[in-house]
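What follows draws every value from the coordinates through simple rules; no lab data is involved. Worth saying up front: this structure is predicted, and the values here are computed from it rather than measured. All Cβ positions, even for glycine, are placed from backbone atoms using ideal geometry, and neighbour counts span all protein chains on display.
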Amino acid sequence: AASAVYGHNHSKRDLSILARRGSGSAARSIFGQYALMNAGVQSDGLDAYAEPLLDTEFPLCAVIAVAKAGPKDIGSTEGMRHTHETSPYHKPWIELVSRDLLTVRTALQNDDFMTLAECVEGNCLAMHANAMASRPGIIYFSGTTLDAISAVRNLRVHRGVEVFFTIDAGPHVVAFTRPSSVDEVAKALSQIPGVTQIIRSEMGDAAHLT
């Protein structure tokens, strides 16, 4: 919107580079559906941008279990800086990300739900293990987080629901599932003590002007 107001005709790649100044999530959100984020190595950030994965059709919905809200003891940016500087697990986790990215992309292309689930959950837990191993350790999980993880795995292992979880730098659990299973997943997560809200979301469209 700001680009349009000032009469700039930026490409989506340029918009992604600009949005990255705010966050990696903003850079990816320029594109709809699935997008790949290029980490970049240049100090000016011009090689840190997202691009769409046009060869992927894998419909998923998100069911977000919001845990009891409140300010975090340490913010996401500061938490990652501290983890980078003090965690012995940080370098191995960065190396893991590159391998997992290839696995996830292949799983999406092949509609391989179980490989996708295993890889996403594993990388999520590795990221949090990395933060926990920093000194002093950073623990974003709450008891509600662990209960939600257990509920998601129970749905998949014992009830055959195609669902997996991820967790950002906080206590809230995001469960990804097929559109046909959204109601079942939402019901299971809503019954967990400490979950204050359930948010449902379909895959988003690209950023656009209205």
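Run the numbers on region 139-210 and let me know its relative contact order in percent, using alpha-carbon pairs under 8 Å that are six or more apart.
Once divided by the residue count of region 139-210, the mean separation gives 27 percent.
Note on Lys68: aspartates and glutamates with a C-alpha under 18 Å away, same-chain residues under 8 apart excluded, are Asp147, Asp168. All distinct Cα pairs of region 89-180 go into the 1/r average, and the inverse of that average, the Kirkwood radius, is 14.0 Å. Spin-label model, Glu51 to Arg81: label points 7 Å out along the Cα-to-beta-carbon direction sit 3.1 nm apart. Please name whichever of Phe165, Ser190, Ser150 sits farthest to the positive end of the charge dipole of region 142-210, dipole taken about the Cα centre and charges placed at Cβ: Lys and Arg +1, Asp and Glu -1. Of the options given, the answer is Ser150.
A quarter of the convex hull surface defined by the alpha-carbon atoms of region 1-45 gives 3.5 nm² as the mean projection. Can you list which of the DSSP-assigned H helices in the chain have a Cα extent of 18 Å or more along the long axis and an average Kyte-Doolittle score of at least -0.5? What comes out of the filter, once short or polar helices are dropped, is 90-109, 113-132, 143-159.
Using +1 on the beta carbon of Lys and Arg, -1 on that of Asp and Glu, and nothing else charged, what's the dipole of region 1-136 about the Cα centre, debye to 20? In total the dipole reaches around 480 debye. All C-alpha to C-alpha distances of region 17-167, sorted into 5 Å bins beginning at zero, yield P(r) values of 2, 8, 13, 18, 21, 20, 13, 5, 1, 0 percent in whole numbers. Computed over the chain with a Gaussian network model linking Cα atoms closer than 10 Å, the most mobile of Asp44, Asp100, Asp112 is Asp44.
Relative contact order of the chain: 27 percent, from C-alpha pairs under 8 Å at least 6 residues apart in sequence.
Which whole-number percent gives the relative contact order of region 87-133, counting Cα pairs below 8 Å spaced six or more residues apart?
Over region 87-133, the number comes to 55 percent.
On the beta carbon distance between Lys91 and Ser142, with R0 = 41 Å, the FRET formula returns roughly 0.90.
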